[in-house]
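The values are calculated or read from the model by the stated rules, or taken from the named source; none is laboratory data. This structure is a prediction, so every number in the text was calculated from the model and none was measured. When we count neighbours, we look across all protein chains shown, and the Cβ atoms used for this are built from the backbone with ideal geometry, even at glycine. Calculation scope for accessible area: heavy atoms of the full protein, side chains included, ligands and nucleic acids excluded. Shrake-Rupley method; radii C 1.70, N 1.55, O 1.52, S 1.80 Å.
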Amino acid sequence: MSTEREHDDGDSGRTGTFGDYGGQYVPEALMPALQELEDAYERYVLENEDGFMDEFRERMRDFGGRPTPLQRADRLSERYDREVYLKREDLLHGGAHKLNNALGQVLLAKYMGKERIIAETGAGQHGTATAMAAAHLDMPCEIYMGRTDVNRQRPNVYRMRMNGAEVTPVEAGSATLKEAINETMRDWATTVERTHYVIGSVVGPHPFPKMVRDFQAVIGDEIREQIRETAGRLPDSVVACAGGGSNTMGTFHAFVPDEDVDLVAVEAGGSSLEIDEAEGLAPNSATLSTGTDGVLHGAMTKLLQAGDGQIVESHSVSAGLDYAGVGPELSHLVETGRVTPANVDDEAALDGFHRLSRLEGIIPALESSHALGYLERAAGTAADGASGDEPRAEANDELGDLVVVNVSGRGDKDLETVLEETEKRDLEAAPDVEVFDQ
Amino acid sequence: MSDEPTEYDSDVEAAIRENHPALITYITAGDPSLEDTEAYVEALDRGGSDLIELGLPFSEPIAEGRTIQDAINRALAAGTTPEGFFELVDDLETEAPLLVMTYYNMILQYGDEPDVRPFVERAAEAGLSGIIVPDLPAEEAEPLRRACDDNGLDLVFIIAPTTEGERLDRIMSHVSGFAYVQARLGTTGARENVSGATHESLERLSEYDVPKAVGFGVSTGDHAAEIVEAGADGVIVGSALVDIVASSETPEAAVDRLEAKARELKRGARRGAETVTIDPEDAPEPEQP
């Protein structure tokens with residue numbers, strides 16, 4: 001079953017649409033490059049011309065460390081009184097699922113004869129993955145990153161530099177991912193003939209949403225195989241966090257035809273779900289839950305926008321989710337009811353972060369912590385006076401008995417943010433963080 | 001109507017054909033305020049603009065360079081809204097027809113539901129003659145094209161240095177008003193020199209009987225001369241004018257400088273036209289005094 005229509009038969013001639021979403025809304029100068037990319041994607045990725053996909057899989061195995069494990073989370077299973085499995089994308093080289101796409105695109109750029117790689121990054125995970133892939137494949141690389149994100153994600157800035165990438169801070173607006181994307185598009189419009197823009201999520205103009213999804217689909221493909229092997233059946237539900245939606249689509253894609261498997265996309269509820277139109281601010285990044293249809297960064301999709309069409313500044317404690325748009329295919333799957341959107345606030349995400357760290361010995365990315373925060377909320381009502389170690393009193397929900405949560409990345413990059421944010425709050429699962437302020 | 005895209009009977013085309021070589025100027029509406037914009041547009045009109053593009057600011061201007069990006073941010077900070085923009089246009093009385101330049105989401109969101117029609121209808125009511133959308137390639141333009149046709153507005157398409165072959169044919173068959181020829185790859189912004197890509201682009205377009213105006217990087221009368229000499233029917237100037245707005249000490253000073261700059265550019269364009277040898281077969285209609 002396919003969820004997209006490759007070529008809309010309508011008069012518009014729109015390509016790469018998912019229901020009403022997707023398309024190619026970019027400056028004219030980029031259109032031939034998108035056509036060139038679409039041709040390359042079809043030949044190399046879909047048809048494995050010149051053994052492209054064989055080389056990609058081999059490099060993902062030897063350089064990337066695939067397959068990643070599907071681990072039974074013993075204490076979470078006990079706590080929630082059901083089988084909980086974690087897909088460990090945090091164990092992929094670089095510490096996040098981002099390498100799947102970055103390596104795929106950099107390799108594709110190489111096959112296409114491009115000479116230079118550019119990318120944008122929010123949390124720095126995509127920038128890091130792109131810088132690593134570019135170093136691995138010997139391509140010059142420039143990464144645009146909002147100044148705010150440069151300041152809150154310093155370890156990743158260092159890692160990009162270590163791998164030989166140039167990191168260019170973007171000062172405009174709120175200086176986060178949205179502004180970094182604008183700046184990267186400007187660079188691309190100037191250098192399009194020799195440069196490939198490695199878009200970091202299932203967003204942007206066609207063919208990016210499909211191509212990035214296909215590079216990430218390995219996550220869900222592996223989960224299917226692994227859960228059948230260990231549990232003998234498909235899961236009742238699959239939970240993944242959603243910013244732009246690349247790990248979400250990668251995790252869900254293989255399960256879309258399995259109507260019995262519930263797919264839950266967990267967004268950043270931030271501090272509130274309301275949009276402050278006067279200030280142009282959304283104190284959240286819950287686009288699937290609260291956004292409205294519009295065009296941003298090359299695609300028709302759901303957006304956080306004011307009534308007159310201005311895009312508002314999003315917010316999340318997790319830089320990687322802090323984006324006012326979302327992938328068009330996810331918008332479509334939510335619109336058709338196949339994917340359920342959910343959101344948890346900053347506090348629940350931080351709580352999820354600490355809980356997984358303490359109960360399972362895995363420090364998750366703040367992005368993934370949103371999925372874990374949702375699990376806590378959905379998997380059972382809170383036991384009175386529960387400490388981080390006690391199982392939940394009851395379980396009463398729609399998640400089912402067999403749940404897979406995608407741990408999209410590891411949380412080392414987030415430690416400074418977590419310490420700072422934890423100090424402000426009374427979190428159930430958090431350790432005493434004052435000890436760090438010597 | 002839309003089946004006959006080569007019939008040009010629009011205000012926009014007339015403005016270019018009858019004032020050949022034409023000067024097309026751009027300014028961001030609401031920078032630094034809508035009241036000042038009114039005075040600036042009138043100055044550009046007095047200075048000899050044959051068409052004036054008014055930028056309706058959008059928060060994510062991916063096709064703009066730093067100069068216009070900053071102007072858009074100033075306009076948004078000053079509280080510029082689509083309705084305020086249309087009210088400004090309601091009040092403007094210029095000889096030059098006016099076009100609105102904005103991003104697709106702004107057009108889509110005007111009205112209660114995402115739909116292009118309410119914007120186009122309001123634009124027509126305000127007296128605008130056409131629309132330019134930097135992030136709307138021909139492939140996605142059908143709904144807007146239809147709405148524009150129904151309301152008598154031109155939809156101007158941008159031809160980039162990378163637009164070639166079949167794509168170029170397809171876009172040129174959709175062009176109404178004029179073809180906006182992007183002089184170089186990249187974003188808007190004043191440059192020191194006219195790009196070599198301009199000559200190549202005009203060469204590629206020479207077989208199409210559509211007015212061609214060149215923009216992106218044009219800032220002086222000498223540029224304008226060079227571009228017209230290369231075969232353009234018009235020159236488009238934006239960032240150099242926005243620079244004047246940003247760098248003038250008072251709005252009054254900006255008004256004077258904008259008018260003077262428009263005169264310089266128009267003179268340059270005329271100088272360029274004098275040195276062009278035109279095949280009598282291809283000559284435009286004689287100018288009216």
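Report the gain in length on full extension from residue B:193 to residue B:66: 0.36 nm times residue separation, minus Cα-Cα distance, nm rounded to one decimal.
Gain in length upon complete extension: 43.9 nm.
Which loop GluC sites (Glu not before Pro) in the stretch A:123-189, with loop taken from DSSP, have no more than 14 other Cβ atoms within 10 angstrom of their Cβ?
Here the GluC sites (Glu not before Pro) that fit, given the DSSP loop and packing criteria, are A:171.
Over chain A, what relative contact order in percent results from Cα pairs under 8 Å that are six or more residues apart?
18
Under 28 Å Cα-Cα from residue A:87, which lysines qualify once same-chain neighbours fewer than 8 residues away are excluded?
Straight-line reach from residue A:87, under 28 Å: A:98, A:210, A:302, A:413.
Quote the total accessible area buried by chains B and A together, excluding ligands, DNA and RNA, probe 1.4 Å, nearest 100 Å².
So the buried area, both faces added, is about 3000 Å².
Taking only protein heavy atoms into account and a 1.4 Å probe, give the accessible area per residue of the protein assembly as shown in Å².
Value for the protein assembly as shown: 37 Å² per residue.
Cα centroids of the stretch A:241-311 and the stretch A:49-76: how far apart, whole angstrom?
Distance between centres, Cα-based: 28 Å.
Around residue A:17, which amide H atoms from residues at least 5 apart in sequence, or from another chain, sit under 5 Å from its own amide H, with H modelled in the peptide plane?
A:5, A:8, A:23
Comparing the chain by itself with all protein chains present, which residues of the stretch B:171-193 are at least 50 Å² less accessible (probe 1.4 Å)?
For the stretch B:171-193, once contacts with the other chains are taken into account, B:185 lose 50 Å² or more.
Among B:17, B:167, B:257, whose mean-square fluctuation peaks in a Gaussian network model of chain B (Cα, cutoff 10 Å)?
Result: B:167 has the largest fluctuation of those listed.
Say we join alpha carbon atoms closer than 10 Å with springs in a Gaussian network model of chain B; which of B:240, B:224, B:197 then has the biggest fluctuation?
B:197
Apply the a/c threshold of 1.5 to the C-alpha gyration tensor of the stretch B:1-130 and tell me whether it is rounded, prolate or oblate.
Since a/c reaches 1.5 but b/c is at least a/b, the shape of the stretch B:1-130 is classed as oblate.
Can you classify the stretch B:130-186 as rounded, prolate or oblate using the Cα gyration tensor, where a ≥ b ≥ c are the square roots of its eigenvalues, rounded means a/c under 1.5, and otherwise it's prolate if a/b beats b/c and oblate if not?
prolate
Take residue A:36 and residue A:292, extend 7 Å from each Cα along the Cα→Cβ direction, and tell me the distance between the two endpoints in nm.
Going from the residue A:36 label point to the residue A:292 one covers 3.9 nm.
Provide, as a two-decimal number, the C-alpha radius of gyration of chain B over 2.2 N^0.38 Å, N being how many residues it has.
Output field value: 0.92.
What is the extension gain from residue B:250 to residue B:125, computed as 0.36 nm multiplied by their sequence separation minus the C-alpha to C-alpha distance, in nm to one decimal?
Result for the pair: 41.8 nm of gain on full extension.
Over the stretch B:11-276, what percent of the accessible surface lies on carbon and sulfur atoms, probe 1.4 Å?
42
Indicate, rounded to the nearest 5 percent, the antiparallel portion of the DSSP beta bridges found entirely in the stretch A:72-211.
Rounded to the nearest five, the antiparallel share is 5 percent.
Mind checking the stretch B:50-93 for GluC sites (Glu not before Pro) that DSSP puts in a loop (not H, G, I, E or B) and that have at most 10 other Cβ atoms within 10 Å?
Qualifying residues, ordered by number: B:93.
For the stretch B:103-114, in order, what is each residue's ³J(HN,Hα) by Karplus, 6.51 cos²θ - 1.76 cosθ + 1.60 with θ = phi - 60°, in whole Hz (x at glycine and Pro)?
These are the phi-based 3J(HN,Hα) values: 8, 4, 5, 5, 6, 5, 8, 6, x, 7, 10, x Hz.
Under a 5 Å amide H to amide H cut-off, with H placed in plane at 1.01 Å, what residues pair with residue A:343 once short-range neighbours are removed?
Correct list: A:267.
Over the stretch B:11-276, what relative contact order in percent results from Cα pairs under 8 Å that are six or more residues apart?
Reported as a whole number, the value is 23 percent.
As a check on your grasp of the helix formula, calculate [θ] at 222 nm for chain A: sum -39500 (n - 2.57) over DSSP H runs of n ≥ 4, divide by the residue count, round to the nearest 500.
-10500 deg cm²/dmol
Which value in nm describes the separation of the simple spin-label points at residue A:193 and residue A:426, placed 7 Å from the Cα toward the beta carbon?
Result for the modelled spin labels: 6.5 nm.
If you take the beta carbon distance between residue A:49 and residue B:112 as r and set R0 to 51 Å, what does 1/(1 + (r/R0)^6) give as a FRET efficiency, to the nearest 0.05?
Computed FRET efficiency for residue A:49 and residue B:112: 0.60.
Specify the residue with the greatest mean-square fluctuation among A:81, A:187, A:426, computed from a Gaussian network of chain A linking alpha-carbon atoms under 10 Å apart.
Answer for the Gaussian network model of chain A: A:426.
Given 10 Å bins starting at zero, what is the percent of C-alpha pairs of the protein assembly as shown in each, up to the one with the largest pair distance?
Reading upward from the zero bin: 3, 15, 24, 23, 17, 10, 5, 2, 0, 0.
For the stretch A:192-232, build the charge dipole from Cβ charges (+1 Lys, Arg; -1 Asp, Glu) around the Cα centre, then report which of A:212, A:230, A:195 sits farthest towards its positive end.
A:195
Determine the equivalent ellipsoid of the stretch B:142-257 by diagonalising the alpha-carbon gyration tensor, then write out the semi-axes as square roots of 5 times the eigenvalues, largest first, rounded to whole Å.
27, 19, 12
For the stretch B:79-187, what D do you get in µm² per second when you plug the Kirkwood radius from alpha-carbon pairs into Stokes-Einstein at 25 °C and 0.890 mPa s?
168
Can you run phi through the Karplus equation (6.51, -1.76, 1.60; θ = phi - 60°) for the stretch A:310-319 and list ³J(HN,Hα) in whole Hz, with x for Gly and Pro?
Once θ is set to phi - 60°, the couplings for the stretch A:310-319 become 6, 6, 8, 6, 8, 8, 7, 4, 9, 4 Hz.
How long are the semi-axes of the equivalent ellipsoid of the stretch A:78-171, taking √(5λ) for every eigenvalue λ of the Cα gyration tensor, in whole Å from largest down?
They are 27, 18, 10 Å, listed largest first.
If you count the DSSP beta bridges with both ends in the protein assembly as shown, what percent of them are antiparallel, to the nearest 5?
The antiparallel fraction comes to roughly 20 percent.
Residue B:266: which lysines have alpha carbons under 19 Å from its alpha carbon, excluding same-chain residues fewer than 8 sequence positions away?
Within the straight-line limit of under 19 Å, residue B:266 reaches these lysines: B:212.
At 7 Å along Cα-to-Cβ for each site, give me the label-to-label distance between residue B:276 and residue A:274 in nm.
Inter-label distance under the simple model: 5.8 nm.
Over 16 Å, how big is the tail of the calculated P(r) for the stretch A:88-139, in percent of all Cα pairs?
34
Extension gain residue B:39-residue B:170, at 0.36 nm per residue separation less the Cα-Cα distance, in nm?
So the chain would gain 43.3 nm between residue B:39 and residue B:170.
What area, in nm² and to one decimal, does the C-alpha convex hull of the stretch A:314-367 cast on average over all directions?
Mean projected area for the stretch A:314-367: 4.5 nm², to one decimal.
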